Amino acid sequence: MASAARKKVSSLSVERTTIEFVEQLKRQWIETIDAIPDPFIMVNDEYKITKANVAMAEIAEASVKDLVGQSCYRVFAGRSSPCENCQMIKAKPGKSTPGYEIFNSKNDRWYEVATRRLHSESGQKGTVQIYRDRTDAKNLQNRLAQNEKLASVGQLAGGFAHEINNPLGGILVFAQMLLKEMDSKSTHYQDVVEIEAAAKRCKTIVENLLDFSRQRPLNPKLVDCNVHDVITNAVKFANLGHNKDRRCEIKFKLNAEDHVLNSDPNRLTQIFLNLCSNAFQAMPKGGTLTVETINELVGKTNYLTTKIIDNGTGIKQEHLGKIFEPFFTTKEPGQGTGLGLSIVHGILQDLGGTIEVSKNKNRGTIFTIKFSGTLRKHGGANK
Ligand SMILES: Nc1ncnc2c1ncn2[C@@H]1O[C@H](COP(=O)(O)OP(=O)(O)O)[C@@H](O)[C@H]1O
Ligand SMILES: [Mg+2]
């Protein structure tokens, strides 16, 4: 009896040790995949999730347990069918497929998906998919491409504006001379008034174009500008032009201590005037324009960060890459020339600032402008 019982006890304890060991391996495995910061899933050939990590659960706003059994395309991209360029079926055992990009409309971010089919000999079936967030790299790439494009369009536009400036000046001067000499009751008087008005409109466009292409002599004198004063004045002007019936509320949260910047006040005004005009135009039925400033320390650099926030119509995803291009406008003819943001972009390049656009959380748009350079407190010493 003693030997049989001893055998049973020892086999039981081996079993327990094995179970404990397997449990420990399982815990280690879960801890490992949860430590991966990129969303990770294992999917069977019916696109159903068999395992997921915490990063994926956070994106799906569900628990890891709830993801198991759900379709990967629904969980990740909110789609009702597999993603167009999904590589899952093409993946050969033990091999990775070329990565492909998908856009996640739930959090407005781009991901590169790496897919690898599992070895069936190991008893595991399906594929592993790792999603790497590529949004920041993609934005940088787009910005570089855009800068290049804008530089060549700028050259073209500058040349064109120069050529047109002289004959246009002639039309305007002769129209004004005619008007002086004509009897205002003459049948053609009104026609000449129209010619003068049209020529003036063209002149504004040409001036904007020259501004954009920066072929205008720049005012090289940089002075200490109180950016809070510049912003308040620009908002006041934009308000007069675009918010005449005061349907929009204006909130200032000017919290940057170091808000005196060595820069060009006229060009700074132009930046904020354009951005605030766009914001008011995006809120035809009313809304709130919020202007914020704050100092941000990145490494040893002190930045003056300004945000122009509206809760208007917002910008469509497919337009985001185009808004800084000259002549891109979604406005009715006469309402917009499509030059505002390209001018802002050009000025910021000259003055050493950056601009980024993002969606306001619930509705509308945020433009973020950052300046570094010589900043100081109002009435304080240079930093
Ligand atoms: N705050 C904003 N809200 C919504 N759309 C905007 C905003 N700012 C710019 N846009 C979009 O960017 C386009 C280009 O702007 P801009 O270069 O200033 O030219 P314009 O105002 O003459 O159209 C606008 O037509 C509009 O579609
Ligand atoms: Mg505009």
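A short reminder: the numbers here are calculations on the coordinates, not readings from a lab. Keep in mind it's a predicted model, so treat the numbers as computed, not measured. A quick note on method: Cβ atoms are made from the backbone with ideal geometry, for glycine too, and the neighbour counts reach across all protein chains shown.
Checking the Cα-Cα distances for 90/149; 200/359; 253/359; 138/377; 106/149 against a 25 Å cut-off, the pairs over it are 90/149; 200/359; 138/377; 106/149. Under the combined filter of DSSP loop state and at most 10 neighbouring Cβ atoms within 10 Å, the range 1-51 retains these GluC sites (Glu not before Pro): 46. Partners of residue 300 within straight-line reach, counting lysines whose Cα lies under 16 Å from its Cα and excluding those fewer than 8 residues away in the same chain: 370, 383.
For the peptides 322-333, 132-143, residues were scored by their other Cβ atoms within 10 Å and the scores averaged per peptide; the highest-first order is 322-333, 132-143. Springs join every pair of Cα atoms under 10 Å in this Gaussian network model of the chain, and among 222, 150, 268 the largest mean-square fluctuation is at 222.
Axis angle, to the nearest 10 degrees, between helix 227-242 and the longest C-alpha principal axis of the chain: 70 degrees.
3J(HN,Hα) couplings calculated from phi for the range 273-283 with the Karplus curve 6.51 cos²θ - 1.76 cosθ + 1.60 (θ = phi - 60°) are, in sequence order, 5, 4, 5, 6, 4, 4, 5, 4, 5, 7, 10 Hz; Gly and Pro show x. In percent, rounded to a whole number, the relative contact order of the chain is 10, using alpha-carbon pairs under 8 Å and six or more apart. Stretched out straight at 0.36 nm per residue, the stretch from residue 36 to residue 266 would grow longer than its current Cα-Cα span by 77.9 nm. Label sites at residue 101 and residue 8, each approximated as a point 7 angstrom past Cα along Cα to Cβ, lie 6.7 nm apart. Assuming 0.36 nm per residue, please report the length gained on full extension of the stretch residue 246 to residue 203 beyond their Cα-Cα distance. Taking 0.36 nm per residue and subtracting the Cα distance, the gain is 12.5 nm. A crude spin-label estimate for the pair residue 232 and residue 357, with each label 7 Å from Cα along the Cβ direction, gives 3.0 nm. Within the range 220-383, antiparallel bridges make up roughly 80 percent of the DSSP beta bridges whose residues both belong there.
With angles folded into 0 to 90 degrees, how steeply does helix 2-35 sit against the dominant principal axis of the chain? Use alpha carbons for both and round to 10. Once rounded, the angle reads 10 degrees.
Between helix 189-213 and the chain, what is the angle of the helix's C-alpha long axis to the longest principal axis, kept within 0 to 90° and rounded to the nearest 10? Relative to the chain, helix 189-213 is tipped by roughly 40 degrees. Over the chain, DSSP H runs of length four or greater, each weighted -39,500 (n - 2.57), average out per residue to a 222 nm ellipticity of -15000 deg cm²/dmol. The slack in the chain from residue 29 to residue 48, taken as 0.36 nm per residue of separation less the alpha-carbon distance, amounts to 4.8 nm.
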